[in-house]
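Reading through the structure tokens given below for one structure.
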Amino acid sequence: MKPFSYIKARTEEEVIASLSSPGTRILAGGTTLYDLMKLNVETPTHLVDIASLQGLDDIRLGPERIELGALARMSDVAGHPGLAARYPVLAEALAKAASQQLRNMATLGGNLLQRTRCAYFRNGLHYPCNKRAPGSGCAAREGLDRNHALLGGSEACIAVYPGDFAVALVALDAEIETLGPGGRRRHKVSELHRLPGSTPHVETILEPEEMIIRIMVPAAPYGRASTYHKIRDRESYAFSLTSAAVALDIEGGVIRSARIALGGVATRPWRVPDAEAMLAGQKFDERLAMEAGRMAMRGAQPGRHNRFKLELAARTVVEAIRIASDRGARL
């Protein structure tokens with residue numbers, strides 16, 4: 001790990017001013033940043049600690065929307081009884097991420113901004129990686145691609161976006177509020193993460209001097225009939241092989257509208273409107289759900305070792321639709 005300076009920010013304005021210095025990184029929970037610093041993937045010259053900022057760790061469940069502070073801990077939000085009742089998809093996405101110890105430290109804002117990464121990225125001193133060294137190549141293209149993306153990849157990068165919470169937020173049409181030198185801005189979470197294209201090292205639309213301060217989720221009837229279903233190699237502390245966030249507006253057993261987003265298979269959280277449209281006006285049945293699941297993977301480009309995800313992802317969607325439909329029937 002290379003030497004760096006450290007300051008503890010007292011105000012949001014102090015954070016923004018600190019970010020104007022090249023090589024500065026924000027430190028909140030540090031669960032990803034410290035890890036990448038040890039690997040010399042991240043080599044900041046300055047760290048600005050925002051963990052003590054006031055008013056950014058709140059959890060507000062209002063009649064029109066849910067507001068979550070960017071410094072709220074994943075475990076606190078996952079265990080909030082009101083959130084679990086109104087939006088089980090959010091509570092489940094957080095509860096199924098990482099380990100309990102990491103969830104106790106990790107913040108919502110940091111989780112959204114964790115680096116999209118793979119084993120070749122983490123071991124970039126030994127393998128070419130365009131995310132670590134732009135223009136060097138992508139070892140995964142000809143390497144072991146079992147855990148890599150089938151959707152949204154490019155010649156430059158096929159790393160899978162690793163998070164769970166953002167997948168659920170994308171399904172719910174959530175927004176973030178950010179603060180930068182130009183003031184406050186709002187962005188849709190669905191637009192936060194960039195496709196890799198030819199510049200996979202540029203991962204989000206945020207400016208270097210911009211920080212997330214709040215997450216907003218609109219209140220809607222589909223919140224209660226929702227779930228986050230995650231398939232992984234081991235039950236805990238593992239990234240998803242495939243996952244699906246599903247929320248249904250359902251009445252009398254009829255799905256009036258659906259929201260579906262995929263994780264574990266794409267270079268960013270992946271919304272699938274064509275699959276959603278197949279469910280509108282229909283009652284749940286296995287055949288229809290499977291058609292929607294396979295539609296969700298339309299356009300996938302599997303590699304040599306991850307073709308199994310085509311069927312696994314489709315069946316993950318089916319099970320998520322089943323769970324959400326059952327919850328809708330009990331309302």
Query raised in the report: What residue among E175, E12, E319 shows peak mean-square fluctuation when the chain is described by a Gaussian network model with Cα springs under 10 Å?
Result: E12
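Let me know the Kirkwood hydrodynamic radius for segment 149-192, please, with Cα pairs as the basis and the value in Å to one decimal. Write down the numbers at each step before the final one.
Numbers: mean 1/r = 0.0810 Å⁻¹.
This gives a value of 12.3 Å.
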Report task. Could you tally the net charge around R268, taking each other residue with its Cβ under 14 Å from the Cβ of R268, Lys/Arg +1 and Asp/Glu -1? Result -> +3
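State, to one decimal in nm², a quarter of the convex hull surface area for the C-alpha atoms of segment 1-146, i.e. the direction-averaged projected area. Kindly include the intermediate steps, with their values, before the conclusion.
Working: hull surface 43.8 nm².
Value for segment 1-146: 10.9 nm².
Does segment 180-262 come out rounded, prolate or oblate, given a ≥ b ≥ c as the square roots of the eigenvalues of its C-alpha gyration tensor, rounded meaning a/c under 1.5 and, failing that, prolate meaning a/b above b/c?
On the way: a/c = 2.41, a/b = 1.40, b/c = 1.72.
Oblate is the answer for segment 180-262, as a/c is 1.5 or above yet b/c matches or exceeds a/b.
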Report task. At 7 Å along the Cα-to-beta-carbon direction for both R234 and M290, put a label point, then send me their distance in nm to one decimal. Result -> 3.3
**Report entry** Residues of segment 174-210 with amide N under 15 Å of the 7 Å Cα→Cβ point at S20
**Finding:** 180-183, 208-210
Query raised in the report: Which order, highest average first, do 228-237, 122-131, 157-166 follow once you tally other Cβ atoms within 10 Å for each residue and take the mean per peptide?
Result: 157-166, 122-131, 228-237
Query raised in the report: Relative contact order for the chain: what is it in percent, counting Cα pairs under 8 Å that are at least 6 residues apart?
Result: 16
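Compute the Cα gyration tensor for segment 139-284, then decide on rounded, prolate or oblate, letting a ≥ b ≥ c be the square roots of its eigenvalues: rounded whenever a/c is under 1.5, prolate when a/b is larger than b/c in the other cases, and oblate in all that remain.
On the way: a/c = 2.04, a/b = 1.19, b/c = 1.72.
Oblate shape, in that a/c is at least 1.5 and b/c is the bigger or equal ratio.
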**Report entry** Residues of type lysines that K309 reaches as a straight line, Cα spacing below 30 Å, ignoring anything fewer than 8 places off in the same chain
**Finding:** K96, K131, K188, K230, K283
Query raised in the report: Taking Cα centroids, how far is segment 50-66 from segment 279-312 in Å?
Result: 36
Query raised in the report: How far, in nm, would the chain grow between E251 and S136 when pulled straight, counting 0.36 nm per residue and subtracting the alpha carbon separation?
Result: 36.1 nm
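Kindly rank 180-188, 197-205 from highest to lowest mean number of other beta carbons found within 10 Å of each residue.
On the way: 180-188: 12.3, 197-205: 16.2.
Listed from highest to lowest mean packing, they are 197-205, 180-188.
Report the extension gain between H187 and Q101 in nm, rounded to one decimal, defined as 0.36 nm multiplied by the number of residues separating them, less their alpha carbon distance.
Values: separation 86, 0.36 × 86 = 30.96 nm, distance 3.00 nm.
Working it through step by step, the gained length comes to 28.0 nm.
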Query - Mean Cβ count within 10 Å, highest first, over the residues of peptides 136-147, 109-120 - result: 109-120, 136-147
Query raised in the report: Rounded, prolate or oblate: which fits segment 221-329 when a ≥ b ≥ c are the square roots of the eigenvalues of the alpha-carbon gyration tensor, with rounded for a/c under 1.5 and prolate only if a/b beats b/c?
Result: prolate
Query raised in the report: Among (1) 32, 26, 16; (2) 25, 23, 21; (3) 33, 21, 19, which one is semi-axes √(5λ) of the Cα gyration tensor in Å computed from these coordinates?
Result: (1)
Requested in this report: Quick one: check the C-alpha center-to-center distance for segment 4-41 versus segment 130-193, whole angstrom.
Outcome: 20
Query raised in the report: Using only the Cα atoms of segment 1-51, what do you get for the radius of gyration and for Dmax, in Å?
Result: 10.5, 31
Query raised in the report: To the nearest 10 degrees, how steeply does helix 308-329 sit against the main Cα axis of the chain, on a 0 to 90 scale?
Result: 70
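What size of dipole, in debye to the nearest 20, comes out for the chain about its Cα centre when the only charges are +1 on Lys and Arg C-beta atoms and -1 on Asp and Glu C-beta atoms? Mind showing how you got there, number by number?
On the way: 43 positive and 36 negative charges, 144 e Å.
Around 700 debye, computed over the chain.
Every number in this text was worked out from the coordinates using simple rules, so none of it is lab data. What you are looking at is a predicted structure, and each value in this text was computed from that prediction instead of being measured. Neighbour counts are summed over all protein chains in view; Cβ atoms, including those assigned to glycine, are modelled from backbone coordinates with ideal geometry.
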